[in-house]
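The values are calculated or read from the model by the stated rules, or taken from the named source; none is laboratory data. The structure presented is a predicted model; accordingly, all values stated were derived computationally and were not measured. Note that we place each Cβ from the backbone using ideal geometry, even for glycine, and neighbour counts take in every protein chain shown. Accessible surface is based on the protein model in full, side chains and every heavy atom, while ligands, DNA and RNA are left aside. Shrake-Rupley method; radii C 1.70, N 1.55, O 1.52, S 1.80 Å.
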Amino acid sequence: MPDKTSYEIVDGIAVITIDNPPVNAMSTAVRKDCWAALDKLAADSSAQAAVLICAGRTFIAGADITEFDKPIEDPWLPALVEKFEASDKLIVAAIHGTALGGGLETAMGCHYRCAVPAARVGLPEVNLGLIPGATGTQRLPRLAGVRKALDMMISGRPVSAADALEAGIVEKIIDGDLRSGAITYARALLDGGAPIKRVSQLEVAADGIDDEFFSEYAKGMARKTRGFFAPAQIVKSVEAAINESYEDAVKTERRLFDECKASTHSRSQRHLFFAEREVSKIPDVPRTTPVRDIKSVAVIGAGTMGGGITMNFVNAGIPVTVLEVDEAGLARGMGSIRKNYSVAVDKGRMTEAQLEQAMGMITPVTDYAGVAGADLVIEAVFENMDIKKDVFAKLDETCKQGAILASNTSSLDLDEIAAVTSRPQDVIGMHFFAPANIMKLLEIVRGRETAADVIATALAVAKKIRKTGVLVGVCFGFVGNRMFFPYIREAQLMMLEGIPPERVDQVAFDWGMAMGPHAVMDLSGLDVFYKLNNEWRDRPDDPVYCRMINVLSEMGRLGQKTGAGTYRYEGRKAVPDPEVMDIARREAQALGVQQIEVSDEEIVERLLFSMINEGARVLEEGIAIRPGDIDVIFVNGYGMPRYRGGPMKYADMTGLDKVYAAISKYRDRYGDLWWTPTPLLERLAGEGRTFQDWSENR
Ligand code: T1G
């Protein structure tokens, strides 16, 4: 008896309903049941046509991603899609929620498609490092045309039902109840003598598709898809739709799909898909933990970060009171917010009226009384412990009971901040990343006494403002910055060793980073790192440590904002500055740092393995809950490419034995101070295990 589908006849129409919560993924069981339902339909003389519909909140959201690393059981999805299409009885797919990946592919195997207005359809496999592998690269171009199909598959973004109707992907929009509307539609098609429309038999519209089209399209997407493997595979598969028979092109698609599925890219991107959903699962904070109602927010400090933080809440429809020390500071802050919104207006992403509406949701104040009623207060003042303590003492005196008091500190001891209040249980860290209104990452820092409902509320707020919230513990730099410090340290040391910054940056960029370490430092400001290094109280005493940050900062070469830092700037163009390497050589001589030659491989190892070694320490200390949490932090906050999976996944795929051997090599060269292998890494390397395996079997 099928337990993932039901089969019912209504007015001569067979209604096949899939019910596989939470998203009706096309698991093996669902595929088997659908196969059986189609056999039943063929044999059922009382059924003249059929409707394929799903229970729950969405149509099929794709193949079951959890099955990808297991042997695929029959029936394979492509075969099932062909079986839908081969039916001699007309089948209508009825779409609500999101028909994605294998879900849309199954719908395209049906003969007609209808959808409710709020439905969305897409082929987002590229986000998993894949291509549509159940004939989507062949059927979508036949329905929507080559360019639209490529745009949808390369972006991975679903389109609305209206857009899909216009593109020819769906044939009808159903207002009102989908089930009854789809049955009526199927009946009307039957009564109207509509043909069985088999999409695979449609011609691919080739107008405008000349010999150069696909190479030009690939060039056009190159910048956005730099380093990713799947996009080019998609282009090749769609090209086969033009140049090969349907049968041959489906074989080409299968080959290209298998190449993607076996790639480290796809293993990385699939890892991140689940890791980004795991981050909200906190072992000692159950999903049933009640959250506090956040209807109003206050932000203390209207500087760059405070302004960006404010915009996140305004964009989510939550009013914000912004407090600054004086009117001048407020005016600057409000002006900066308005300027950011006006950029969105100029780009057509917002209207003037919406800009004014957004600004109208912000209340600027200079008196703490103005923030007394806020449900959530986020401090975003200068990164100095004394100043933060002063703010929190005032907030403790002023804010209503039950208000959550959050600090945007990027590295300081949250417990020390909480200790100046009478309510440490209500204090939490919410570390936004610049630019705060754009970067998706939000490090949520739990203090020793932070209450469970405060943590649950912060995670819910992160989702509300469309951030990826990752819970971390208290230590200097929390997880992201703490692991970024060794990455920066090695870049800095290599400069002293005579390796030009532009070489290190190029190697990091070619590895996949959005920007090299020196470019990042110039963007953030060398003084930011200078201050962080000085705030790091128990930093080991090493005169070589980030020496050039100190020297250049003290020269006033702070980076882009001063026109010169590690690079000289011609506008925003970074130009290598020979003077900087002269200074580096002088400093190296004074410090006794040897000039060396290094391979590109060594540059990658020293940048990434030093970060990974620190990540192992972060896991050992429980500052991060899972290795996947660390990976989510680095792909959402530090420009690490998703096809690398994040530092800990990259280590697992490289092999911890190789990582350990390299770290041991650098310990032999540089000593124990910075290159002592973390015991967890050493143990797992010795046991031939991965961080992921350790995390799942603790
Ligand atoms: N397979 C298995 N589990 C899935 C899943 C999938 N396709 N999609 C979601 N889940 C789980 C998810 O892990 C979470 O589990 C729960 O469902 C709710 O998800 C052959 C090869 C549909 C827009 O890429 O985009 O088809 O954490 O938290 O925010 O060509 O899920 O609760 O245990 O994201 O409401 C292509 C992926 C697959 C779509 C809903 N399809 N999913 O978002 O809920 S490859 C996709 C999503 C494929 C074919 C190819 C979203 C969503 P848990 P959620 P949501």
Every residue from the stretch 33-69 that is polar (S, T, N, Q) and farther than 29 Å from LYS261 by Cβ: SER45, SER46, GLN48
Top-ranked residue of the stretch 385-422 - restricted to ones that are open to solvent by 30 Å² or more (accessible area, probe 1.4 Å) and touching a residue at least 60 places away in the same chain (Cβ under 8 Å), ranked as farthest from the chain's Cα centre (by Cα): GLY402
Breaking point among (1) open to solvent by 20 Å² or more (accessible area, probe 1.4 Å); (2) within 24 Å of GLY498 (Cβ to Cβ); (3) touching a residue at least 12 places away in the same chain (Cβ under 8 Å), for ILE603: (1)
Residue list for the stretch 209-252, filter: under 32 Å from the mean Cα position of the chain (by Cα), farther than 25 Å from GLN269 by Cα and open to solvent by 80 Å² or more (accessible area, probe 1.4 Å): GLU216
Pairs where the first residue, in the stretch 1-24, is farther than 19 Å from LEU100 by Cα and the second is in a loop (DSSP other than H, G, I, E, B) and open to solvent by less than 50 Å² (accessible area, probe 1.4 Å), C-beta under 6 Å, 6+ apart: ILE9/ALA47; ALA14/ALA47
The one condition in (1) open to solvent by less than 30 Å² (accessible area, probe 1.4 Å); (2) out of contact with any strand residue (DSSP E or B) (no Cβ under 6 Å at 6 or more places or on another chain); (3) in contact (Cβ under 8 Å) with a residue 60 or more places away in the chain; (4) in a helix (DSSP H, G or I) that ALA344 fails to fulfil: (3)
Condition broken by PHE476, with the remaining ones in (1) open to solvent by less than 30 Å² (accessible area, probe 1.4 Å); (2) under 20 Å from ASN534 (Cβ atoms); (3) not in a strand (DSSP E or B) satisfied: (1)
Residue within the stretch 310-328 that is open to solvent by 10 Å² or more (accessible area, probe 1.4 Å), over 17 Å from ARG466 (Cβ atoms) and within 28 Å of the chain's Cα centre (by Cα) present: yes
Some residue of the stretch 26-42 being surrounded by 21 or more Cβ atoms within 10 Å (Cβ to Cβ), more than 18 Å from LEU130 (Cβ to Cβ) and within 16 Å of the ligand (Cβ to nearest atom): yes
Unique residue being open to solvent by less than 10 Å² (accessible area, probe 1.4 Å), within 13 Å of the ligand (Cβ to nearest atom) and within 18 Å of CYS34 (Cβ to Cβ) when the list is GLY102, GLY122: GLY102
Residue that is open to solvent by 20 Å² or more (accessible area, probe 1.4 Å), assigned to a loop (DSSP other than H, G, I, E, B) and of a type in the set (A, V, I, L, M), where the choices are VAL575, VAL593, VAL598: VAL593
Odd one out for ARG157 among (1) at positive phi; (2) surrounded by fewer than 16 Cβ atoms within 10 Å (Cβ to Cβ): (1)
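Yes/no per residue for (1) within 15 Å of the ligand (Cβ to nearest atom); (2) touching a residue at least 60 places away in the same chain (Cβ under 8 Å):
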| position | (1), (2) |
| --- | --- |
| GLY56 | yes, no |
| ALA61 | yes, no |
| GLU85 | no, yes |
| ILE95 | yes, yes |
Within the stretch 26-132, strands (runs of 3 or more DSSP E) holding 1 or more residues that are under 22 Å from the mean Cα position of the chain (by Cα): 98-100, 120-122
Selection count where residues are closer than 24 Å to ALA194 by Cβ, assigned to a loop (DSSP other than H, G, I, E, B) and either within 14 Å of the ligand (Cβ to nearest atom) or without any contact (Cβ under 8 Å) to a residue 60 or more places away in the chain (or both), scope the stretch 133-168: 2
Elements of type helices (runs of 4 or more DSSP H) in the stretch 197-294, at least 2 residues being within 13 Å of the ligand (Cβ to nearest atom): 230-243, 246-261, 264-278
Selected residue (only one of PHE273, PHE213 is farther than 30 Å from GLU383 by Cα, out of contact with any helix residue (DSSP H, G or I) (no Cβ under 7 Å at 6 or more places or on another chain), of a type in the set (A, V, I, L, M, F, W, C) and touching a residue at least 24 places away in the same chain (Cβ under 8 Å)): PHE213
Near pairs, Cβ below 8 angstrom, 6+ apart or cross-chain, from the stretch 497-525 (among the hydroxyl-bearing types (Ser, Thr, Tyr)) to any residue that is open to solvent by 10 Å² or more (accessible area, probe 1.4 Å): SER524/ALA434
Selected residue (only one of MET648, MET640 is open to solvent by less than 10 Å² (accessible area, probe 1.4 Å), modelled with pLDDT of 95 or more and not in a helix (DSSP H, G or I)): MET640
Top-ranked residue of the stretch 73-83 - restricted to ones that are within 10 Å of the ligand (Cβ to nearest atom) and surrounded by fewer than 24 Cβ atoms within 10 Å (Cβ to Cβ), ranked as nearest to LYS197 (Cα to Cα): PRO78
